[in-house]
1. Specify which of the listed residues (E361, E413) is among the acidic types (D, E) and assigned to a loop (DSSP other than H, G, I, E, B).
2. Name the residue that is farthest from L488 (Cα to Cα), counting only residues in the stretch 416-447 that are charged (D, E, K, R) and in a loop (DSSP other than H, G, I, E, B).
3. With respect to G355, determine if the residue is at pLDDT 85 or above, outside the structural domain of A274 (by TED's automatic domain parsing) and in a loop (DSSP other than H, G, I, E, B).
4. Checking the conditions here, which among L389, L408 is crowded, with 21+ Cβ neighbours inside 10 Å, modelled with pLDDT under 85 and within 17 Å of A342 (Cβ to Cβ)?
5. Please give the helices (runs of 4 or more DSSP H) falling wholly within the stretch 448-562 in which 1 or more residues are within 24 Å of I362 (Cβ to Cβ).
6. Residues E537, E494, E526, E461: which one is touching a residue at least 40 places away in the same chain (Cβ under 8 Å) and touching a strand residue (DSSP E or B) at 6+ places or on another chain (Cβ under 6 Å)?
7. Taking only the stretch 156-192 into account, find how many residues are among the polar types (S, T, N, Q), buried (at least 20 other Cβ atoms within 10 Å of the Cβ) and under 30 Å from S242 (Cα atoms).
8. Hey, which of the helices (runs of 4 or more DSSP H) in the stretch 77-169, taking only ones fully inside, have at least 1 residues that are more than 25 Å from G312 (Cβ to Cβ) and modelled with pLDDT of 80 or more?
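The values are calculated or read from the model by the stated rules, or taken from the named source; none is laboratory data. A quick note: this is a predicted structure, and the numbers were derived from the prediction, not measured. All Cβ positions, glycine included, derive from the backbone under ideal geometry; neighbour counts span all protein chains shown.
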Amino acid sequence: MSASFSTLRPIAKLFLAERRHGLLLGAALSATTVSAGIALLGLSGWFITATGIAGLSSAAVATFDVFMPSAGIRLLALGRTASRYGERLTTHDATLSVLAALRERLFRGWAAPGAARELARRPARLLFRLTGDIDALDSLYLRVLVPTGVAIIAALSASIALGLMNPLFGLAVGATLLGTGLGIPLLAGHRATEHARRRTYGIEAIRARTIDLVAGQTDLLMAGRLDAQRAAIADADRYAASADDRLNRIETGVTFGFGLATTALLAGSLLAVAALARAQAISPAVATLGILIAFAAVEPFGALRRGAMELGRTLLAARRIAPRLSANEDLHSNATPRPGFAFRLDRVSGGYDAGTPVLHEIDLNLPAGAKLALVGASGAGKSTLLSLLAAEMCPTEGTIEGLDATLLTQRTELFQDSVRGNLQLASPDATDAALREALTTAGLLQDVAALPRGLDTQLGEGGMGLSGGQSRRLALARLFLRDTPLWLLDEPTEGLDGATARDVMQRLAEQAVGRSLVIATHIRREAAIADVIAVMEDGRIVEVSRRGEAAFEKALNRLRPD
(Lines give C-alpha, C1' and ligand atoms only; values in the text may rest on other atoms or scores of the structure.)
Protein backbone atom coordinates (compact mmCIF):
# COMPACT_ATOMS: atom_id res chain seq x y z
CA MET A 1 0.00 0.00 0.00
CA SER A 2 2.87 2.39 0.81
CA ALA A 3 4.35 1.80 -2.66
CA SER A 4 0.98 2.61 -4.19
CA PHE A 5 0.69 5.85 -2.23
CA SER A 6 4.18 6.87 -3.42
CA THR A 7 2.76 7.13 -6.94
CA LEU A 8 0.59 10.00 -5.72
CA ARG A 9 3.57 12.21 -4.91
CA PRO A 10 4.16 13.63 -8.43
CA ILE A 11 0.40 14.20 -8.78
CA ALA A 12 0.21 15.99 -5.42
CA LYS A 13 3.27 18.09 -6.31
CA LEU A 14 1.64 19.16 -9.56
CA PHE A 15 -1.59 19.98 -7.70
CA LEU A 16 0.32 22.29 -5.35
CA ALA A 17 2.51 23.75 -8.09
CA GLU A 18 -0.48 24.68 -10.25
CA ARG A 19 -2.97 26.11 -7.73
CA ARG A 20 -1.38 26.03 -4.29
CA HIS A 21 -3.25 29.05 -2.92
CA GLY A 22 -6.60 27.97 -4.35
CA LEU A 23 -6.28 24.44 -2.97
CA LEU A 24 -5.23 25.63 0.48
CA LEU A 25 -7.98 28.25 0.52
CA GLY A 26 -10.55 25.62 -0.46
CA ALA A 27 -9.36 23.33 2.33
CA ALA A 28 -9.51 26.20 4.82
CA LEU A 29 -13.03 27.14 3.75
CA SER A 30 -14.10 23.51 4.02
CA ALA A 31 -12.73 23.33 7.56
CA THR A 32 -14.48 26.61 8.38
CA THR A 33 -17.78 25.23 7.06
CA VAL A 34 -17.56 22.10 9.18
CA SER A 35 -16.45 24.02 12.27
CA ALA A 36 -19.29 26.51 11.84
CA GLY A 37 -21.76 23.63 11.43
CA ILE A 38 -20.58 21.97 14.65
CA ALA A 39 -20.69 25.26 16.57
CA LEU A 40 -24.11 26.12 15.10
CA LEU A 41 -25.67 22.81 16.12
CA GLY A 42 -24.12 22.91 19.58
CA LEU A 43 -25.04 26.53 20.26
CA SER A 44 -28.59 26.03 18.98
CA GLY A 45 -29.05 23.04 21.26
CA TRP A 46 -27.63 24.90 24.21
CA PHE A 47 -29.82 27.93 23.50
CA ILE A 48 -33.03 25.92 23.19
CA THR A 49 -32.31 23.97 26.37
CA ALA A 50 -31.20 27.03 28.32
CA THR A 51 -34.27 28.97 27.18
CA GLY A 52 -36.55 26.13 28.25
CA ILE A 53 -34.94 25.93 31.67
CA ALA A 54 -35.04 29.73 32.07
CA GLY A 55 -38.76 29.71 31.31
CA LEU A 56 -39.40 27.66 34.48
CA SER A 57 -38.55 30.66 36.63
CA SER A 58 -39.76 34.25 36.25
CA ALA A 59 -36.52 35.51 37.80
CA ALA A 60 -34.42 33.57 35.31
CA VAL A 61 -36.54 34.88 32.44
CA ALA A 62 -35.82 38.44 33.49
CA THR A 63 -32.06 37.91 33.57
CA PHE A 64 -31.63 35.49 30.65
CA ASP A 65 -29.86 37.10 27.67
CA VAL A 66 -31.45 35.91 24.43
CA PHE A 67 -29.77 38.43 22.17
CA MET A 68 -26.16 37.27 22.28
CA PRO A 69 -26.93 33.58 21.56
CA SER A 70 -29.40 34.61 18.85
CA ALA A 71 -26.81 36.84 17.23
CA GLY A 72 -24.24 34.05 17.46
CA ILE A 73 -26.61 31.58 15.81
CA ARG A 74 -27.35 34.00 12.98
CA LEU A 75 -23.65 34.74 12.51
CA LEU A 76 -22.76 31.05 12.41
CA ALA A 77 -25.61 30.28 10.00
CA LEU A 78 -24.61 33.07 7.61
CA GLY A 79 -20.93 32.20 7.96
CA ARG A 80 -21.58 28.54 7.29
CA THR A 81 -23.60 29.37 4.16
CA ALA A 82 -20.96 31.79 2.86
CA SER A 83 -18.05 29.46 3.57
CA ARG A 84 -19.91 26.52 1.99
CA TYR A 85 -20.47 28.56 -1.18
CA GLY A 86 -16.88 29.75 -1.19
CA GLU A 87 -15.59 26.25 -0.53
CA ARG A 88 -17.54 24.72 -3.44
CA LEU A 89 -16.51 27.53 -5.76
CA THR A 90 -12.85 27.49 -4.76
CA THR A 91 -12.25 23.75 -4.51
CA HIS A 92 -13.97 22.90 -7.78
CA ASP A 93 -12.34 25.78 -9.66
CA ALA A 94 -8.91 24.78 -8.36
CA THR A 95 -9.51 21.09 -9.10
CA LEU A 96 -10.75 21.70 -12.64
CA SER A 97 -7.79 23.99 -13.31
CA VAL A 98 -5.35 21.37 -12.06
CA LEU A 99 -7.02 18.63 -14.13
CA ALA A 100 -6.77 20.84 -17.21
CA ALA A 101 -3.05 21.30 -16.49
CA LEU A 102 -2.71 17.56 -16.00
CA ARG A 103 -4.29 16.91 -19.40
CA GLU A 104 -1.89 19.35 -21.04
CA ARG A 105 1.14 17.84 -19.31
CA LEU A 106 -0.02 14.34 -20.14
CA PHE A 107 -0.62 15.23 -23.79
CA ARG A 108 2.86 16.74 -23.97
CA GLY A 109 4.28 13.62 -22.35
CA TRP A 110 2.60 11.36 -24.90
CA ALA A 111 3.85 13.62 -27.68
CA ALA A 112 7.45 13.00 -26.62
CA PRO A 113 9.71 10.91 -28.91
CA GLY A 114 8.72 7.26 -28.95
CA ALA A 115 5.44 7.74 -27.11
CA ALA A 116 3.51 8.85 -30.18
CA ARG A 117 4.46 5.70 -32.05
CA GLU A 118 3.51 3.60 -29.05
CA LEU A 119 0.09 5.25 -29.07
CA ALA A 120 -0.26 4.66 -32.81
CA ARG A 121 -0.51 0.96 -32.05
CA ARG A 122 -3.13 1.52 -29.33
CA PRO A 123 -4.75 4.94 -29.88
CA ALA A 124 -7.55 4.26 -27.38
CA ARG A 125 -4.97 4.36 -24.58
CA LEU A 126 -4.47 8.12 -24.84
CA LEU A 127 -8.24 8.67 -24.81
CA PHE A 128 -8.61 6.66 -21.61
CA ARG A 129 -5.70 8.51 -19.97
CA LEU A 130 -7.02 11.95 -20.94
CA THR A 131 -10.58 11.17 -19.83
CA GLY A 132 -11.08 8.35 -17.34
CA ASP A 133 -7.73 8.50 -15.57
CA ILE A 134 -7.63 12.29 -15.30
CA ASP A 135 -11.23 12.39 -14.08
CA ALA A 136 -10.36 9.78 -11.44
CA LEU A 137 -7.78 12.14 -9.96
CA ASP A 138 -10.39 14.69 -8.87
CA SER A 139 -11.08 12.28 -5.99
CA LEU A 140 -7.55 12.81 -4.68
CA TYR A 141 -8.26 16.36 -3.56
CA LEU A 142 -12.05 16.55 -3.30
CA ARG A 143 -12.76 13.16 -1.74
CA VAL A 144 -9.52 12.12 -0.02
CA LEU A 145 -7.22 14.96 1.02
CA VAL A 146 -9.75 17.66 1.94
CA PRO A 147 -12.26 15.37 3.74
CA THR A 148 -9.43 13.70 5.66
CA GLY A 149 -7.96 17.02 6.80
CA VAL A 150 -11.37 18.44 7.69
CA ALA A 151 -12.36 15.29 9.59
CA ILE A 152 -9.16 15.41 11.65
CA ILE A 153 -9.72 19.11 12.44
CA ALA A 154 -13.32 18.38 13.43
CA ALA A 155 -12.22 15.55 15.73
CA LEU A 156 -9.56 17.71 17.39
CA SER A 157 -11.96 20.66 17.76
CA ALA A 158 -14.65 18.45 19.30
CA SER A 159 -12.09 16.86 21.60
CA ILE A 160 -10.93 20.29 22.83
CA ALA A 161 -14.47 21.61 23.28
CA LEU A 162 -15.60 18.54 25.21
CA GLY A 163 -12.31 18.48 27.12
CA LEU A 164 -13.28 21.81 28.64
CA MET A 165 -16.24 20.01 30.21
CA ASN A 166 -14.12 17.06 31.27
CA PRO A 167 -10.61 16.21 30.00
CA LEU A 168 -11.23 12.45 30.02
CA PHE A 169 -14.52 12.89 28.15
CA GLY A 170 -12.85 15.02 25.45
CA LEU A 171 -9.94 12.60 25.05
CA ALA A 172 -12.26 9.60 24.74
CA VAL A 173 -14.45 11.28 22.10
CA GLY A 174 -11.42 12.47 20.09
CA ALA A 175 -9.78 9.03 20.18
CA THR A 176 -13.03 7.33 19.16
CA LEU A 177 -13.59 9.75 16.28
CA LEU A 178 -10.06 9.39 14.93
CA GLY A 179 -9.84 5.65 15.52
CA THR A 180 -13.13 4.63 13.96
CA GLY A 181 -13.60 7.60 11.60
CA LEU A 182 -10.23 7.05 9.91
CA GLY A 183 -9.84 3.33 10.58
CA ILE A 184 -13.05 2.28 8.82
CA PRO A 185 -12.29 4.21 5.57
CA LEU A 186 -8.68 2.99 5.57
CA LEU A 187 -9.77 -0.62 5.98
CA ALA A 188 -12.45 -0.19 3.34
CA GLY A 189 -10.00 1.51 0.97
CA HIS A 190 -7.53 -1.34 1.39
CA ARG A 191 -10.21 -3.94 0.64
CA ALA A 192 -11.71 -1.95 -2.24
CA THR A 193 -8.45 -1.11 -4.03
CA GLU A 194 -8.20 -4.30 -6.08
CA HIS A 195 -11.91 -4.35 -6.94
CA ALA A 196 -11.79 -0.69 -8.02
CA ARG A 197 -8.88 -1.52 -10.30
CA ARG A 198 -10.74 -4.49 -11.73
CA ARG A 199 -13.77 -2.29 -12.38
CA THR A 200 -11.57 0.25 -14.20
CA TYR A 201 -9.97 -2.46 -16.35
CA GLY A 202 -13.39 -3.92 -17.09
CA ILE A 203 -14.84 -0.58 -18.21
CA GLU A 204 -11.83 0.07 -20.44
CA ALA A 205 -12.18 -3.39 -21.97
CA ILE A 206 -15.87 -2.76 -22.67
CA ARG A 207 -15.07 0.54 -24.39
CA ALA A 208 -12.16 -0.81 -26.42
CA ARG A 209 -14.01 -3.93 -27.55
CA THR A 210 -17.13 -1.95 -28.41
CA ILE A 211 -15.05 0.45 -30.50
CA ASP A 212 -13.48 -2.54 -32.27
CA LEU A 213 -16.94 -3.98 -32.91
CA VAL A 214 -18.32 -0.75 -34.39
CA ALA A 215 -15.22 0.19 -36.39
CA GLY A 216 -14.44 -3.29 -37.67
CA GLN A 217 -17.85 -4.92 -37.93
CA THR A 218 -17.44 -5.57 -41.67
CA ASP A 219 -14.09 -7.32 -41.19
CA LEU A 220 -15.42 -9.22 -38.18
CA LEU A 221 -18.46 -10.35 -40.13
CA MET A 222 -16.38 -11.54 -43.08
CA ALA A 223 -14.02 -13.38 -40.72
CA GLY A 224 -16.91 -14.95 -38.80
CA ARG A 225 -15.80 -13.28 -35.56
CA LEU A 226 -18.80 -11.02 -34.95
CA ASP A 227 -20.38 -13.32 -32.34
CA ALA A 228 -17.01 -13.82 -30.68
CA GLN A 229 -16.54 -10.07 -30.40
CA ARG A 230 -19.98 -9.64 -28.86
CA ALA A 231 -19.16 -12.44 -26.43
CA ALA A 232 -15.92 -10.66 -25.51
CA ILE A 233 -17.87 -7.49 -24.72
CA ALA A 234 -20.29 -9.49 -22.58
CA ASP A 235 -17.35 -11.08 -20.72
CA ALA A 236 -15.88 -7.64 -20.00
CA ASP A 237 -19.28 -6.45 -18.78
CA ARG A 238 -19.57 -9.40 -16.39
CA TYR A 239 -16.05 -8.74 -15.16
CA ALA A 240 -16.86 -5.09 -14.39
CA ALA A 241 -20.23 -6.03 -12.87
CA SER A 242 -18.55 -8.51 -10.53
CA ALA A 243 -16.16 -5.80 -9.33
CA ASP A 244 -19.10 -3.40 -8.90
CA ASP A 245 -20.90 -5.97 -6.77
CA ARG A 246 -17.91 -6.38 -4.48
CA LEU A 247 -17.53 -2.60 -4.16
CA ASN A 248 -21.21 -2.26 -3.27
CA ARG A 249 -20.82 -4.87 -0.56
CA ILE A 250 -17.81 -3.09 0.90
CA GLU A 251 -19.67 0.23 0.81
CA THR A 252 -22.60 -1.37 2.61
CA GLY A 253 -20.19 -2.61 5.25
CA VAL A 254 -18.71 0.88 5.62
CA THR A 255 -22.18 2.38 6.06
CA PHE A 256 -23.01 -0.22 8.69
CA GLY A 257 -19.67 0.34 10.44
CA PHE A 258 -20.15 4.10 10.55
CA GLY A 259 -23.69 3.68 11.83
CA LEU A 260 -22.55 1.32 14.58
CA ALA A 261 -19.65 3.56 15.57
CA THR A 262 -21.86 6.66 15.60
CA THR A 263 -24.46 4.94 17.75
CA ALA A 264 -21.83 3.76 20.19
CA LEU A 265 -20.24 7.23 20.34
CA LEU A 266 -23.55 9.01 20.94
CA ALA A 267 -24.63 6.45 23.54
CA GLY A 268 -21.33 6.82 25.34
CA SER A 269 -21.52 10.64 25.12
CA LEU A 270 -25.06 10.60 26.49
CA LEU A 271 -24.01 8.50 29.47
CA ALA A 272 -20.95 10.71 30.05
CA VAL A 273 -22.82 14.03 30.02
CA ALA A 274 -25.59 12.51 32.15
CA ALA A 275 -23.01 11.49 34.73
CA LEU A 276 -21.37 14.92 34.60
CA ALA A 277 -24.73 16.68 34.93
CA ARG A 278 -25.72 14.44 37.84
CA ALA A 279 -22.44 15.33 39.56
CA GLN A 280 -23.30 18.98 38.82
CA ALA A 281 -20.04 19.38 36.91
CA ILE A 282 -22.02 20.80 33.98
CA SER A 283 -25.48 22.24 33.56
CA PRO A 284 -28.24 20.50 31.53
CA ALA A 285 -27.82 23.07 28.76
CA VAL A 286 -24.08 22.38 28.53
CA ALA A 287 -24.87 18.65 28.53
CA THR A 288 -27.03 19.20 25.45
CA LEU A 289 -24.20 21.19 23.91
CA GLY A 290 -21.80 18.27 24.47
CA ILE A 291 -24.15 15.70 22.92
CA LEU A 292 -24.72 17.81 19.82
CA ILE A 293 -21.01 18.59 19.38
CA ALA A 294 -20.21 14.88 19.46
CA PHE A 295 -23.06 14.21 17.01
CA ALA A 296 -21.94 16.94 14.58
CA ALA A 297 -18.28 15.90 14.73
CA VAL A 298 -19.16 12.50 13.22
CA GLU A 299 -20.56 14.01 10.00
CA PRO A 300 -17.23 14.95 8.30
CA PHE A 301 -16.02 11.35 8.53
CA GLY A 302 -18.96 10.18 6.43
CA ALA A 303 -17.51 12.14 3.47
CA LEU A 304 -14.52 9.77 3.49
CA ARG A 305 -16.69 6.84 2.44
CA ARG A 306 -16.77 7.69 -1.26
CA GLY A 307 -13.08 8.53 -1.30
CA ALA A 308 -12.31 5.13 0.20
CA MET A 309 -14.36 3.42 -2.52
CA GLU A 310 -12.55 5.29 -5.29
CA LEU A 311 -9.08 5.06 -3.76
CA GLY A 312 -8.10 2.09 -5.92
CA ARG A 313 -9.20 3.87 -9.09
CA THR A 314 -7.29 6.98 -8.05
CA LEU A 315 -4.10 5.05 -7.28
CA LEU A 316 -4.31 3.18 -10.59
CA ALA A 317 -4.80 6.43 -12.50
CA ALA A 318 -1.84 8.03 -10.72
CA ARG A 319 0.37 5.02 -11.42
CA ARG A 320 -0.44 5.09 -15.13
CA ILE A 321 -0.21 8.86 -15.55
CA ALA A 322 2.76 9.80 -13.35
CA PRO A 323 5.52 8.45 -15.66
CA ARG A 324 4.37 10.68 -18.53
CA LEU A 325 3.97 13.89 -16.52
CA SER A 326 7.70 14.54 -16.57
CA ALA A 327 8.45 12.88 -19.89
CA ASN A 328 8.78 16.22 -21.67
CA GLU A 329 11.51 17.25 -19.23
CA ASP A 330 13.94 14.61 -20.50
CA LEU A 331 13.68 14.65 -24.28
CA HIS A 332 16.06 12.44 -26.23
CA SER A 333 18.20 14.03 -28.93
CA ASN A 334 20.99 12.73 -31.09
CA ALA A 335 24.54 14.00 -30.68
CA THR A 336 25.78 16.64 -33.12
CA PRO A 337 27.87 15.10 -35.91
CA ARG A 338 31.32 16.34 -36.85
CA PRO A 339 31.39 19.13 -39.48
CA GLY A 340 30.64 18.00 -43.02
CA PHE A 341 28.24 15.22 -42.08
CA ALA A 342 24.43 15.12 -41.91
CA PHE A 343 24.53 12.00 -39.73
CA ARG A 344 26.81 9.17 -38.64
CA LEU A 345 25.61 5.76 -37.43
CA ASP A 346 28.10 3.45 -35.75
CA ARG A 347 27.00 -0.18 -35.20
CA VAL A 348 23.44 0.89 -34.37
CA SER A 349 20.81 -1.65 -33.32
CA GLY A 350 17.31 -0.88 -32.13
CA GLY A 351 13.57 -1.22 -32.52
CA TYR A 352 10.26 -0.45 -30.90
CA ASP A 353 10.69 -3.44 -28.59
CA ALA A 354 14.12 -3.63 -26.98
CA GLY A 355 13.81 -7.41 -26.74
CA THR A 356 13.39 -7.87 -30.50
CA PRO A 357 15.43 -5.21 -32.35
CA VAL A 358 14.51 -4.44 -35.94
CA LEU A 359 17.89 -2.99 -36.93
CA HIS A 360 21.20 -4.84 -36.49
CA GLU A 361 24.63 -3.16 -36.40
CA ILE A 362 23.94 -0.40 -38.90
CA ASP A 363 27.00 1.55 -40.11
CA LEU A 364 26.01 4.46 -42.34
CA ASN A 365 27.22 8.03 -42.96
CA LEU A 366 25.79 10.83 -45.08
CA PRO A 367 27.70 13.98 -46.11
CA ALA A 368 25.96 17.29 -45.43
CA GLY A 369 23.83 18.38 -48.39
CA ALA A 370 23.62 14.89 -49.89
CA LYS A 371 20.47 12.90 -50.63
CA LEU A 372 20.07 9.27 -49.58
CA ALA A 373 17.43 6.74 -50.65
CA LEU A 374 16.73 3.80 -48.35
CA VAL A 375 15.30 0.96 -50.40
CA GLY A 376 14.17 -2.52 -49.51
CA ALA A 377 11.11 -4.68 -49.03
CA SER A 378 8.42 -3.82 -46.51
CA GLY A 379 9.61 -4.74 -43.02
CA ALA A 380 13.28 -4.29 -43.86
CA GLY A 381 13.61 -1.56 -41.22
CA LYS A 382 13.48 1.64 -43.30
CA SER A 383 10.86 3.41 -41.15
CA THR A 384 12.63 2.34 -37.95
CA LEU A 385 15.88 3.84 -39.22
CA LEU A 386 14.11 7.11 -39.98
CA SER A 387 12.68 7.16 -36.45
CA LEU A 388 16.18 6.76 -35.02
CA LEU A 389 17.50 9.59 -37.19
CA ALA A 390 14.58 11.78 -36.07
CA ALA A 391 15.42 10.98 -32.41
CA GLU A 392 11.94 9.58 -31.90
CA MET A 393 13.50 6.49 -30.36
CA CYS A 394 16.80 5.54 -28.78
CA PRO A 395 19.13 2.85 -30.09
CA THR A 396 19.66 -0.21 -27.93
CA GLU A 397 23.27 -0.43 -29.11
CA GLY A 398 25.67 1.84 -30.95
CA THR A 399 25.80 5.60 -31.33
CA ILE A 400 23.93 8.07 -33.52
CA GLU A 401 25.14 11.54 -34.47
CA GLY A 402 22.72 13.62 -36.51
CA LEU A 403 21.61 17.13 -37.38
CA ASP A 404 18.18 18.41 -36.33
CA ALA A 405 15.65 16.61 -38.50
CA THR A 406 12.03 16.81 -39.61
CA LEU A 407 10.22 13.55 -40.37
CA LEU A 408 7.41 13.30 -42.93
CA THR A 409 5.74 9.94 -42.32
CA GLN A 410 3.71 7.81 -44.72
CA ARG A 411 0.48 9.05 -43.16
CA THR A 412 -0.66 12.59 -43.79
CA GLU A 413 -1.49 13.80 -40.28
CA LEU A 414 -3.98 16.64 -40.60
CA PHE A 415 -6.30 17.87 -37.87
CA GLN A 416 -9.81 19.24 -37.55
CA ASP A 417 -8.65 22.82 -37.72
CA SER A 418 -8.18 25.59 -40.26
CA VAL A 419 -5.65 25.33 -43.07
CA ARG A 420 -3.65 28.00 -41.25
CA GLY A 421 -3.75 26.03 -37.99
CA ASN A 422 -2.52 22.86 -39.70
CA LEU A 423 0.39 24.75 -41.29
CA GLN A 424 1.35 26.59 -38.11
CA LEU A 425 1.97 23.30 -36.34
CA ALA A 426 5.33 23.41 -38.10
CA SER A 427 5.99 27.08 -37.38
CA PRO A 428 3.63 28.73 -34.85
CA ASP A 429 5.00 32.21 -35.57
CA ALA A 430 4.79 31.94 -39.36
CA THR A 431 3.13 34.91 -41.04
CA ASP A 432 0.47 34.60 -43.72
CA ALA A 433 3.09 35.56 -46.27
CA ALA A 434 5.31 32.67 -45.16
CA LEU A 435 2.35 30.30 -45.24
CA ARG A 436 1.41 31.35 -48.77
CA GLU A 437 5.02 30.98 -49.89
CA ALA A 438 5.11 27.42 -48.55
CA LEU A 439 1.79 26.65 -50.26
CA THR A 440 3.10 28.10 -53.51
CA THR A 441 6.21 25.97 -53.31
CA ALA A 442 4.07 22.89 -52.65
CA GLY A 443 1.80 23.77 -55.59
CA LEU A 444 -1.28 24.18 -53.40
CA LEU A 445 -1.82 27.95 -53.18
CA GLN A 446 -4.41 28.11 -55.97
CA ASP A 447 -6.40 25.26 -54.40
CA VAL A 448 -6.37 26.95 -51.00
CA ALA A 449 -7.30 30.32 -52.53
CA ALA A 450 -10.32 28.64 -54.14
CA LEU A 451 -11.60 27.40 -50.76
CA PRO A 452 -14.51 29.37 -49.20
CA ARG A 453 -12.37 31.15 -46.58
CA GLY A 454 -8.87 30.56 -47.88
CA LEU A 455 -6.39 29.94 -45.08
CA ASP A 456 -9.22 30.16 -42.54
CA THR A 457 -11.21 27.33 -44.12
CA GLN A 458 -11.97 24.68 -41.54
CA LEU A 459 -10.97 21.13 -42.41
CA GLY A 460 -12.75 18.07 -41.11
CA GLU A 461 -11.26 15.25 -39.08
CA GLY A 462 -8.11 13.91 -40.73
CA GLY A 463 -8.12 16.80 -43.22
CA MET A 464 -11.54 15.98 -44.64
CA GLY A 465 -12.40 18.46 -47.36
CA LEU A 466 -9.12 17.98 -49.22
CA SER A 467 -8.32 15.29 -51.75
CA GLY A 468 -5.51 12.82 -51.14
CA GLY A 469 -3.13 14.78 -53.35
CA GLN A 470 -4.07 18.09 -51.72
CA SER A 471 -3.58 16.60 -48.25
CA ARG A 472 -0.13 15.36 -49.22
CA ARG A 473 0.80 18.74 -50.66
CA LEU A 474 -0.38 20.44 -47.46
CA ALA A 475 1.86 18.12 -45.45
CA LEU A 476 4.70 18.96 -47.83
CA ALA A 477 4.08 22.69 -47.31
CA ARG A 478 4.27 22.08 -43.58
CA LEU A 479 7.64 20.37 -44.15
CA PHE A 480 8.89 23.41 -46.08
CA LEU A 481 8.06 25.60 -43.06
CA ARG A 482 10.40 23.54 -40.88
CA ASP A 483 13.84 25.09 -41.17
CA THR A 484 15.88 22.03 -40.25
CA PRO A 485 19.06 20.93 -42.08
CA LEU A 486 17.90 17.31 -42.43
CA TRP A 487 14.60 16.15 -43.96
CA LEU A 488 13.43 12.56 -43.54
CA LEU A 489 10.64 11.30 -45.80
CA ASP A 490 8.88 7.95 -45.62
CA GLU A 491 7.37 7.14 -49.06
CA PRO A 492 6.33 10.77 -49.68
CA THR A 493 4.29 10.12 -52.85
CA GLU A 494 2.68 6.78 -51.96
CA GLY A 495 -0.97 6.75 -53.02
CA LEU A 496 -0.69 9.74 -55.38
CA ASP A 497 -1.32 9.57 -59.11
CA GLY A 498 1.73 9.67 -61.35
CA ALA A 499 1.44 13.31 -62.44
CA THR A 500 0.89 14.59 -58.91
CA ALA A 501 3.69 12.41 -57.54
CA ARG A 502 6.22 13.63 -60.13
CA ASP A 503 5.27 17.25 -59.44
CA VAL A 504 5.67 16.72 -55.67
CA MET A 505 9.09 15.15 -56.13
CA GLN A 506 10.25 17.93 -58.43
CA ARG A 507 9.20 20.60 -55.90
CA LEU A 508 10.79 18.63 -53.09
CA ALA A 509 14.08 18.33 -54.94
CA GLU A 510 14.11 22.09 -55.62
CA GLN A 511 13.47 22.96 -51.97
CA ALA A 512 16.00 20.43 -50.68
CA VAL A 513 18.94 22.18 -52.36
CA GLY A 514 21.51 22.82 -49.66
CA ARG A 515 19.81 20.43 -47.23
CA SER A 516 20.37 16.79 -46.47
CA LEU A 517 17.59 14.45 -47.50
CA VAL A 518 16.74 10.82 -46.63
CA ILE A 519 13.90 9.07 -48.45
CA ALA A 520 12.62 5.60 -47.53
CA THR A 521 11.05 4.24 -50.69
CA HIS A 522 10.42 1.36 -53.05
CA ILE A 523 9.42 3.60 -56.01
CA ARG A 524 11.91 4.61 -58.68
CA ARG A 525 10.73 8.24 -59.01
CA GLU A 526 11.47 8.89 -55.33
CA ALA A 527 14.90 7.28 -55.33
CA ALA A 528 15.90 8.96 -58.61
CA ILE A 529 16.71 12.28 -56.89
CA ALA A 530 19.17 10.60 -54.51
CA ASP A 531 22.96 10.81 -54.62
CA VAL A 532 23.33 7.60 -52.58
CA ILE A 533 21.20 4.45 -52.39
CA ALA A 534 21.39 2.12 -49.38
CA VAL A 535 19.74 -1.29 -49.80
CA MET A 536 18.25 -2.79 -46.62
CA GLU A 537 17.39 -6.43 -45.92
CA ASP A 538 16.22 -7.82 -42.58
CA GLY A 539 17.34 -4.76 -40.64
CA ARG A 540 20.82 -4.58 -42.17
CA ILE A 541 22.51 -2.42 -44.81
CA VAL A 542 23.61 -4.89 -47.46
CA GLU A 543 24.73 -2.48 -50.18
CA VAL A 544 25.60 1.22 -50.54
CA SER A 545 26.06 2.72 -54.02
CA ARG A 546 26.60 6.25 -55.34
CA ARG A 547 25.38 8.02 -58.44
CA GLY A 548 27.51 7.13 -61.42
CA GLU A 549 28.23 3.60 -60.20
CA ALA A 550 26.79 0.57 -61.93
CA ALA A 551 25.33 -0.65 -58.64
CA PHE A 552 23.39 2.62 -58.33
CA GLU A 553 21.62 2.11 -61.66
CA LYS A 554 21.06 -1.55 -60.84
CA ALA A 555 19.42 -0.62 -57.53
CA LEU A 556 17.19 1.92 -59.32
CA ASN A 557 16.11 -0.63 -61.90
CA ARG A 558 15.00 -3.04 -59.18
CA LEU A 559 12.51 -0.51 -57.81
CA ARG A 560 8.87 -0.22 -58.77
CA PRO A 561 8.50 1.98 -61.86
CA ASP A 562 6.65 5.32 -61.76
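1. Exactly one residue qualifies, and that residue is E413.
2. Restricting to residues being charged (D, E, K, R) and in a loop (DSSP other than H, G, I, E, B), the top hit is D417.
3. Judged against the criteria, G355 is not a match.
4. Residue meeting the stated conditions: L408.
5. The qualifying helices (runs of 4 or more DSSP H) are 524-527, 550-557.
6. Selected residue: E526, the only one of E537, E494, E526, E461 that is touching a residue at least 40 places away in the same chain (Cβ under 8 Å) and touching a strand residue (DSSP E or B) at 6+ places or on another chain (Cβ under 6 Å).
7. Of the residues in the stretch 156-192, 0 are among the polar types (S, T, N, Q), buried (at least 20 other Cβ atoms within 10 Å of the Cβ) and under 30 Å from S242 (Cα atoms).
8. So the answer is 146-163.
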